[in-house]
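Single-structure report; data block below.
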Amino acid sequence: MQNLKKLLVNFIIEEGIMRYLLVVLTIFLLVGCNGTIESEVNVSDLLAGENKIIKSDLYVEIPSCTSYEDSRKPSKSLLEAQSNVPRVFEGAEFVESFSKEFKSYAHFSIPTYLSDGEKMSSTQLNFIFTKDVYLAVSVPKQIMINLQKLKEESFGLNDLNMKFKIILKNNTKSDFNFNLFSTFYDDKPIQFSSCKLSAGNTCVIRLSDVSTEVATNSQIAYVMYKPGE
């Protein structure tokens, strides 16, 4: 009789934990997930002023990489990300899934169009340079439409809160001078400041919430200006 009581108590506890986990998972899916786009940009490409396709990395935060029923199988959220991300970003390719610091991610490679702004991509992320600007960011309207369609269809990837991180690499033999606007420079907030990146060095530029809002509303978020402009 005592053993039966213990089994009953353990069953109730396990059921309670499982229900709690399902509630947490549901809340996570309802509020959406974070997606960080990391792009490595060479200074030589900005100075050359030639249109080209570069690769960016998209990291989508998911509840888990593996199924809670069988850890040898991918989780439902990972399968949904693999299915839905290419519907949002044309040409997206799944790379891997991994866990880091108690968070799980689905990693994708997405094409990014680096151009002079005269002919921007209507389906891929745009990095723009002009005679006055080294780098600006714009998300085409079609990407936001694709995301909205998913939001209306299902809970999988229903809200993707995008963040942008640019890894600027000075692969030239000269120092690179530029002005930053409304960004974070190596995690330091910048409203407007002159910067210098020494030859051979790398820095990380992260768009502010304001710049991100501009970029994801079919506008152009100006990030890096040429000196004197």
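The values are calculated or read from the model by the stated rules, or taken from the named source; none is laboratory data. Remember, it's a predicted structure, so these values are computed and weren't measured experimentally. Please note: Cβ atoms are built from the backbone with ideal geometry, for glycine as well, and neighbour counts cover all protein chains shown.
Points worth noting:
- Selection count where residues are closer than 23 Å to Leu79 by Cβ, touching an Asp or Glu at 6+ places or on another chain (Cβ under 9 Å) and not charged (D, E, K, R), scope the stretch 41-64: 4
- Number of positions in the stretch 5-39 that are at pLDDT 55 or above and in a loop (DSSP other than H, G, I, E, B): 0
- Search result, residues across the stretch 49-83 that are exposed (fewer than 15 other Cβ atoms within 10 Å of the Cβ) and more than 30 Å from Leu168 (Cβ to Cβ): Tyr68, Glu69, Asp70, Ser71, Arg72, Lys73, Ser83
- The listed residues are Lys119, Lys103, Lys131, and the only one of them that is closer than 21 Å to Thr183 by Cα, loosely packed, with under 15 Cβ neighbours inside 10 Å and not hydrophobic (A, V, I, L, M, F, W, C) turns out to be Lys131.
- For the condition over 23 Å from Ser44 (Cβ atoms) and among the β-branched types (Val, Ile, Thr), Thr216 qualifies.
- Selection from the stretch 169-215 of residues that are under 21 Å from the mean Cα position of the chain (by Cα) and aromatic (Phe, Trp, Tyr): Phe181, Phe184, Tyr185
- Inter-residue pairs, beta-carbon under 8 Å, first within 21 Å of Glu40 (Cβ to Cβ) and hydroxyl-bearing (Ser, Thr, Tyr) and in the stretch 117-144, second in a helix (DSSP H, G or I) and at pLDDT 90 or above, 6+ apart: Tyr134/Leu46; Ser138/Ala215
- Qualifying positions in the stretch 190-229 - free of Cβ contacts under 8 Å to residues at least 24 places away in the same chain and in a strand (DSSP E or B): Ile190, Gln191, Phe192, Ser193, Cys195, Lys196
- Residue in the stretch 134-147 that is surrounded by 17 or more Cβ atoms within 10 Å (Cβ to Cβ), in contact with an Asp or Glu (Cβ under 7 Å, 6 or more places away or on another chain) and within 22 Å of Tyr59 (Cβ to Cβ) present: no
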